[in-house]
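Peer 1: Handing you a structure now.
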Amino acid sequence: MPNNASRGWIRGHPGRKWLDIKIFGGKIRVDSYLVQIGLPVIALVVSLIAFFWEFVIMRRKRLGYRVQMDTPVTGEIESVFPGVLEQLQPDGGSADTHLQDLSIVLIRVENDGVTNIDSADYAMPDDERVGLRLHFPHRRIAGMAVTELSDNILGAYLEPGRGIAAHADETHDVGVIDLPKVPMNRRDHYKILAILARGTGNGPYPEPSLHGKLKGGRVRATQSRTGLSRNMLAFIGFLVVVIVVQFGISLAGNNPPAPDCIAGQLTLVGSSAFEPVIKDAATAYRKTCPTANFTFAFDGSERGLTTVDEKGHGDPGLLAITDGPKGVGYPDLLPRPLAMAVFSVIVRGDLGVRDLTAPQIRDLFEGRISNWNKLGGPDLPVRLVNRAFGSGTRETFQQRLLGGSSVTLPETSCRTIRVTNPPGVAACEVPLTGDMLKAVADIPGAVGYSSYTEAADYPGVTAVTIDKHQPTRDEVLSHNYAFWGVEYAYSNGELPYDSLAAAFLRYLTDNAGKDIIRSHGGTPCGELADPAQCSPER
């Protein structure tokens, strides 16, 4: 047996949600999903704590100081303006003639917190004017000056007589500069330039330091903010560890695929009007279930029903999609309502007709209107484009707008009409939605019908309003727009619950597939008032 006393390891159970975590010879079983959810939650909590600690608690009120220069000088050997050192004396007196081992120190004092500091925030106990003290161990103050004010108003608090002074603590051999209680807004700063001479002792000088106390805050040495702080580096390291651990658990846990992912092959046939919805849904389903494969043959509703009726017995891998309920002659086919779809009457884009009434549409397709000038359009003969018999879109058009009557005008090919341009009304027939759109766009004076979402994006085609109502889902649900239908899925007999067909239909009606249906202008049946009939009215 290997010795695992000093390290841990993780082992996943394929197809299950549990992980065995072995640590120091013991074993803990945890839910891998909870671990994957819990780690990001922990990271978020730690991030919030780190933020509040760093920027709200630790930096709420903070005075910082930085030693920006501490360098020796050799004195005034050849000065253009002799007596400069004497002029730096804080009391204006004469310079000490015994100055030796001179050094220059530049210290930046800054509000390093996130809130303003008032004069009352200083808490130096022994002098009501002094707020801070700069200490220079083993050195004496030869002269000093205030420089680089972030705000000129700060200079008024740093004038002689306001508490700024230099003296020596002889007992501890420390040079001291007293600084007054300067109110400082966030990011305010000033600098103290000091010329120092050696006190006692030899060797290098200890670092200068700033001493004081803030009510509800602190005084501390700071560093240039050109890099990341140690706290931030530690926090970034923590997040990296969380990401690595979570990724490792995901690999070790061998997480199962999506709950309704079924491997297999599914062929979908039928309505060309609903083809874009089905293809988009299949693509989205495969992203979470790559072992599912789909093939398509959208040749019309009637052909789809016939295919499933003849070849689908005992084959759960075959579904027909139709634009309406099945007709007679398919007793073994079982329906599954999918969505309410919106259709539209379409005309060639340059015709100039934007609205038709329901009676006008009926008169057009029953041959009683032969020229568009009778409807306010140009002097062009009417060209009727129909879907072929067996098309669910054609059946829906006849039921919704023609009162159940069939279109019975003599028909020729659409190409013949376009080339010969016969006088009077002419009609032709196309098998698929794409053929309908192309024919209406190509033939002057053409009028036809198709699913609205397909027509809306097709160049050279205009979807007209019907009785001034737009072809939209809301107009249908308000009972104002008449041209709509129901999309169904048909199987030959009941589908096994663990078949790809059953899983895909659940995806369409219960899961993300509903969003895809809505994106194409349809309404999932389960979201209507009467889901059983998939109709906004009985």
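Peer 1: Answer yes or no: is there a residue in the stretch 431-438 that is among the hydroxyl-bearing types (S, T, Y), crowded, with 23+ Cβ neighbours inside 10 Å, in contact with a Ser or Thr (Cβ under 7 Å, 6 or more places away or on another chain) and at pLDDT 95 or above. If you could, list the steps in order and put the result at the bottom.
Peer 2: First pass over the stretch 431-438, keeping only residues among the hydroxyl-bearing types (S, T, Y): 433.
Checking which are crowded, with 23+ Cβ neighbours inside 10 Å leaves us with 433.
Checking which are in contact with a Ser or Thr (Cβ under 7 Å, 6 or more places away or on another chain) leaves us with 433.
Still in the running and at pLDDT 95 or above: none.
No, the stretch 431-438 contains no residue that is among the hydroxyl-bearing types (S, T, Y), crowded, with 23+ Cβ neighbours inside 10 Å, in contact with a Ser or Thr (Cβ under 7 Å, 6 or more places away or on another chain) and at pLDDT 95 or above.
Peer 1: Next question, about the same structure. Anything in the stretch 145-167 that is touching a Leu at 6+ places or on another chain (Cβ under 7 Å) and surrounded by fewer than 20 Cβ atoms within 10 Å (Cβ to Cβ)? List them, or say none.
Peer 2: A145, V146, T147, G155
Peer 1: Here is a check on your reading of the model: is K438 within 27 Å of V476 (Cα to Cα) and charged (D, E, K, R)?
Peer 2: Answer is yes for this residue.
Peer 1: Just checking: which of the helices (runs of 4 or more DSSP H) contained wholly in the stretch 418-483 hold 3 or more residues that are under 26 Å from N373 (Cβ atoms)? Show your work before the answer.
Peer 2: On the way: elements: 433-442, 452-456, 473-477.
The qualifying helices (runs of 4 or more DSSP H) are 433-442.
Peer 1: Do we find a residue being at pLDDT 90 or above, of a type in the set (K, R) and either touching a Pro at 6+ places or on another chain (Cβ under 8 Å) or under 19 Å from T509 (Cβ atoms) (or both) anywhere in the stretch 282-290?
Peer 2: yes
Peer 1: In the stretch 91-117, which residue that is of a type in the set (D, E) and at pLDDT below 90 is farthest from G175 (Cα to Cα)? Even if it seems obvious, please write down each step before you answer.
Peer 2: Start the filter on the stretch 91-117 by keeping residues that are of a type in the set (D, E), which leaves 91, 96, 101, 110, 112.
Filter again for at pLDDT below 90, leaving 91, 96, 101, 112.
Working: D91: 15, D96: 15, D101: 14, D112: 25 Å.
Checked the stretch 91-117; the qualifying residue farthest from G175 (Cα to Cα) is D112.
Residue by residue, here is whether (1) touching an Asp or Glu at 6+ places or on another chain (Cβ under 6 Å); (2) at pLDDT 90 or above; (3) among the β-branched types (V, I, T); (4) over 19 Å from R66 (Cβ atoms) holds:
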position: I141; (1), (2), (3), (4): no, yes, yes, yes
position: V146; (1), (2), (3), (4): no, yes, yes, no
position: H167; (1), (2), (3), (4): no, yes, no, yes
position: M184; (1), (2), (3), (4): no, yes, no, no
position: A194; (1), (2), (3), (4): no, yes, no, no
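Peer 1: Suppose we filter T295, T307, T393 for residues that are under 22 Å from Y458 (Cα atoms) and outside any loop (DSSP other than H, G, I, E, B); which single one remains? Outline the logic, then answer.
Peer 2: Details: T295 fails: under 22 Å from Y458 (Cα atoms); T307 fails: under 22 Å from Y458 (Cα atoms).
Unique residue meeting the criteria: T393.
Peer 1: So if I check each of A529, A482, which one is loosely packed, with under 15 Cβ neighbours inside 10 Å and among the aliphatic types (A, V, I, L, M)?
Peer 2: Testing whether each residue is loosely packed, with under 15 Cβ neighbours inside 10 Å and among the aliphatic types (A, V, I, L, M) leaves just A529.
Peer 1: Output the residue which, of all residues in the stretch 239-281 that are farther than 15 Å from L338 by Cβ and among the hydroxyl-bearing types (S, T, Y), is modelled with the highest pLDDT.
Peer 2: For the stretch 239-281, the residue satisfying everything is T267.
Peer 1: Quick one: D442 ticks every box in (1) surrounded by 20 or more Cβ atoms within 10 Å (Cβ to Cβ); (2) touching a helix residue (DSSP H, G or I) at 6+ places or on another chain (Cβ under 7 Å) bar one, so which box is it?
Peer 2: Status for D442: all satisfied but (1).
Peer 1: I've got another one for you. Within the stretch 352-359, is even one residue among the acidic types (D, E), in the same structural domain as A427 (by TED's automatic domain parsing) and more than 49 Å from the chain's Cα centre (by Cα)? Give the steps one after another, and end with the answer.
Peer 2: Step one: list which residues in the stretch 352-359 are among the acidic types (D, E), which gives 355.
After this cut, where a residue has to be in the same structural domain as A427 (by TED's automatic domain parsing) as well, the list is 355.
Cutting the leftovers down to more than 49 Å from the chain's Cα centre (by Cα) gives us none.
No, the stretch 352-359 has no match at all.
Peer 1: Restricted to the stretch 287-310, and to residues that are under 40 Å from the mean Cα position of the chain (by Cα) and among the aliphatic types (A, V, I, L, M), which residue is nearest to S272 (Cα to Cα)?
Peer 2: Checked the stretch 287-310; the qualifying residue nearest to S272 (Cα to Cα) is A297.
Peer 1: Does H172 qualify as being within 30 Å of T200 (Cβ to Cβ) and touching a Phe, Trp or Tyr at 6+ places or on another chain (Cβ under 9 Å)? Even if it seems obvious, please write down each step before you answer.
Peer 2: Values: within 30 Å of T200 (Cβ to Cβ): yes; touching a Phe, Trp or Tyr at 6+ places or on another chain (Cβ under 9 Å): no.
No, not satisfied.
The values are calculated or read from the model by the stated rules, or taken from the named source; none is laboratory data. Owing to the predicted nature of the structure, the values given are computational and were not obtained by experimental measurement. Note: ideal-geometry Cβ built from the backbone for every residue, glycine included; neighbour counts use all protein chains shown.
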